[in-house]
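Where a number appears in this text, it was derived from the coordinates with a stated rule and is not lab data. These numbers come from a predicted model, not from an experiment. For neighbour counting, all protein chains shown are included, and Cβ atoms are generated from backbone atoms with ideal geometry for every residue, glycine included.
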Amino acid sequence: MKVAIVGTGYVGLVSGTCLAEMGHNIMCIDNNEEKIKTLENGDIPIYEPGLKELVEKNRKEGRLSFSTSVKEGVKKCDVIFVAVHTPPLPDGSANLCYVEEVSREIAENMDDYRIIVSKSTVPVETGKWIKRTVDKYAKEGAEYDVASNPEFLREGKAIDDFLNPDRVVIGVESDRARQMMSELYAPLKDKTEILITNIESSELIKHASNSFLAMKISYINAVSNICEKTDADIEEVARGMGLDKRIGNKFLQAGVGFGGSCFPKDLSAFIKIAEKLGYDFSVLKEVQKINKNQRGLVIEKIRKSLWNLNNKNIGVLGLAFKADTDDMRNAPSIDIINQLVKEGASVKAYDPEAAENAKKILPGAITYCEDVYETVKDSDLLLILTDWKQIVEMDMKKVKELLAEPATIVDGRNVFEPEEMEKLGIKYTSIGR
Ligand SMILES: NC(=O)c1ccc[n+]([C@@H]2O[C@H](COP(=O)([O-])OP(=O)(O)OC[C@H]3O[C@@H](n4cnc5c(N)ncnc54)[C@H](O)[C@@H]3O)[C@@H](O)[C@H]2O)c1
């Protein structure tokens, strides 16, 4: 099938490339000319394992192209995905003006039947607004359907998530759209459930799923606070809980809390749309509060280890909101480092992929290091914020030797065993243990 994807960010580029890999003919469109130029030159504007190779392969085989023209995409393709960003407005609700802008542009350029599919994460009832927009700007009698197909990929594992998903969710309101969307995802039908719902349910499934996962993280973090006040160990507690199939062991890792471009924004957008619809989703407000507190807790642990932070050297390992991505949006490192700098600490930091993005967000006073050991050297305290392989696998004997005495680590991801750290003579503090 011929498919246009408007918005070639994390989701648009991965979805487009994977749909091409599934055999479709894909045009990825973006109004950021530099991004499209980069892609046409064979480079990838984001870090995502395996993506560069897959883009290259599908371009070579003639199934993937790039463009800055929505018009071209609408003229040539039957299915048009909207995969633009939906960032939070100051009040927490989703900013849908990019979705509206693209819907209008699609409408103005439609000559034949098209399906307009929202892949961006949007609040329930956005489909209705897209329809109103298209009705307003399309030529009279234009035939089209609106559909919803939320994306569940995780950055860092995006390709595998797209090609081997737990489920594909499609929201439609006509048989024609149902048929075309089923055909689009037919290559996946033997390995996963393709769930077809109405548009509102599909939109809601995305917000409800992300908020539930965020709730799981905050829940285990809340439990870790109880562990810290008793002799219980959160790793044992989480394992004991996770063995229950009804609970499952995923998203039960206590730590510095969630960040990234999705959970924080989707949670607040879900709270806001619920509020607009007349429901106070108070449990989700608590999830946000626990998550914020978790960052403060890490600062408190650092203060407890170092007393005053003024003039202390702190080495920070990991800046991205999680491993295997260069995404810094809403990373816990931002709030934590800002606070350290505010209290007078000197910060050295290392991240295998996110340093360039971090430089745009974090205060200029930070020194960026080339590897873990440069970061560790002479630091009064080592702070672990992301569980990158390079960090989890570092030589802890060497780390002990390089750190200023007494060797001190605050681990916001529970990547090491407290007993082993004690044996090495490291003053080690983690979460809930
Ligand atoms: N990043 C993720 O892991 C993830 C996962 C699932 C869902 N989502 C959702 O997918 C959507 C996109 O997220 P993202 O992370 O890919 O965002 P992004 O910011 O990386 O990409 C959005 C792209 O849209 C382009 N764009 C904006 N307006 C445009 C226009 N009028 N015409 C053409 N291009 C335009 C931007 O230039 C940008 O390249 C969001 O709603 C997000 O919540 C993201």
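One table, with the values for the structure above:
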| read-out | value |
| --- | --- |
| Lys389 paired with Ile194, simple spin-label distance in nm, labels 7 Å along Cα-to-beta-carbon | 3.4 nm |
| For the chain, built as a Gaussian network whose Cα springs stay under 10 Å, the top-fluctuating residue of Asn311, Asn149, Asn330 | Asn311 |
| For region 238-308 versus region 58-102, the gap between their alpha-carbon centres in whole angstrom | 30 Å |
| Summed side-chain charge close to Leu424 - residues other than Leu424 whose Cβ falls under 15 Å, Lys, Arg +1, Asp, Glu -1 | -3 |
| Cα centre as origin, Lys/Arg/Asp/Glu Cβ charges: the chain dipole, Debye | 580 debye |
| Virtual paramagnetic centre 7 Å along Cα→Cβ of Lys139, amide N under 13 Å, in region 59-88 | 75 |
| Angle between the chain longest axis and helix 199-228 axis [Cα atoms, degrees, rounded to 10] | 10 degrees |
| Rounded if a/c under 1.5, otherwise prolate or oblate - region 1-114, Cα gyration tensor axes | oblate |
| Approximate spin-label separation Asp112-Glu401, in nm, with each point projected 7 Å along Cα-to-Cβ | 7.0 nm |
| Gyration tensor (alpha-carbon) shape descriptor, region 287-429, a/c threshold 1.5 | rounded |
| Per-residue HN-Hα couplings for region 157-166 [Karplus 6.51, -1.76, 1.60; θ = phi - 60°; Hz; x = Gly/Pro] | 9, 4, 5, 5, 4, 6, 7, 10, x, 5 |
| Stretch in the chain that is longest and holds no chymotrypsin sites (Phe, Trp or Tyr not before Pro) that DSSP places in a loop and that have at most 10 other beta carbons within 10 Å | 1-278 |
| In region 76-129, GluC sites (Glu not before Pro) in a DSSP loop with at most 16 other beta-carbon atoms within 10 Å | Glu125 |
| Using θ = phi - 60° and Karplus 6.51 cos²θ - 1.76 cosθ + 1.60, couplings along region 349-366 (whole Hz; Gly, Pro as x) | 9, 9, 9, x, 10, 9, 4, 4, 5, 5, 4, 6, 10, 8, x, x, 5, 7 |
| Gain in span if fully extended, Ala365 to Ala232, counting 0.36 nm per residue against the direct Cα distance | 44.0 nm |
| Gain on full stretching of the segment that runs from Lys75 to Glu183 - 0.36 nm per residue minus C-alpha separation | 36.8 nm |
| Rounded, prolate or oblate (a/c below 1.5 giving rounded, otherwise prolate when a/b exceeds b/c) for the chain by Cα gyration tensor | prolate |
| Amide hydrogen neighbours beyond the local backbone of Val117, cut-off 5 Å, H modeled | Ile80, Phe81, Val82, Ala147 |
| Pairwise label distance in nanometres, Lys285 with Asn32, each label 7 Å out on the Cα-Cβ vector | 3.5 nm |
